[in-house]
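A quick write-up on the structure given underneath.
The values are calculated or read from the model by the stated rules, or taken from the named source; none is laboratory data. Because the structure is a prediction, the values reported are computed rather than measured. Cβ placement follows ideal geometry from the backbone for every residue including glycine, while neighbour counts extend to all protein chains displayed.
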Amino acid sequence: MTSRMGSIEDNTSGGYYGYRMSKAALSMAGKSLAEDLKPHNIAVGILHPGMVRTRMTDFSGITAAESVQGLLQRIAELNLDNSGTFWHGVKGDVLPW
């Protein structure tokens, strides 16, 4: 589980340095893992859960249940052809790195 805030291309607001760096690193690890596991027929999803209602978002955004529903959909669609893709968990859009 990563975050859209780890996207370098999508960063238009700055801030949250530690959080952004940790999520960018996690996304890179997921991409590398996808490449390493592909020969073993194991797919890896790199997923942003959406903006979920938490203290970090001042409790704005989607519910945890809505996030999980979208994430389950993305996991169901995961295969070796899309392994290592960075997806918006709820909307299903491919996100920029």
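Which of the residues spanning region 34-67 are over 14 Å from Thr2 (Cα atoms) and under 14 Å from the mean Cα position of the chain (by Cα)?
Ala34
Of all residues being within 11 Å of the chain's Cα centre (by Cα) and more than 19 Å from Ala29 (Cα to Cα) in region 75-97, which is surrounded by the most Cβ atoms within 10 Å (Cβ to Cβ)? Just the residue, please.
Only one residue tops the list, namely Val90.
Residues are listed down the side, and each one gets a yes or a no for (1) out of contact with any helix residue (DSSP H, G or I) (no Cβ under 6 Å at 6 or more places or on another chain); (2) part of a helix (DSSP H, G or I); (3) closer than 21 Å to Gly89 by Cα:
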| position | (1), (2), (3) |
| --- | --- |
| Ile8 | yes, no, yes |
| Ser13 | yes, no, no |
| Gly18 | yes, yes, no |
| Met21 | yes, yes, yes |
| Leu26 | yes, yes, yes |
| Ser32 | yes, yes, yes |
| Leu37 | yes, yes, no |
| Ala43 | yes, no, yes |
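Of all the residues that make up region 53-71, how many are modelled with pLDDT of 95 or more and loosely packed, with under 11 Cβ neighbours inside 10 Å?
Here the count works out to 1.
What are the residue pairs meeting all of these: first residue in region 83-97, first residue part of a loop (DSSP other than H, G, I, E, B) and of a type in the set (Ser, Thr, Tyr), second residue buried (at least 19 other Cβ atoms within 10 Å of the Cβ) and modelled with pLDDT of 95 or more, Cβ atoms under 6 Å, and 6 or more apart or on different chains?
Within 6 Å, the pairs are Ser83/Ala34; Ser83/Val44.
Could you list all residues from region 2-22 that are touching a residue at least 40 places away in the same chain (Cβ under 8 Å) and among the aliphatic types (A, V, I, L, M)?
Hit for region 2-22 is Ile8, nothing else.
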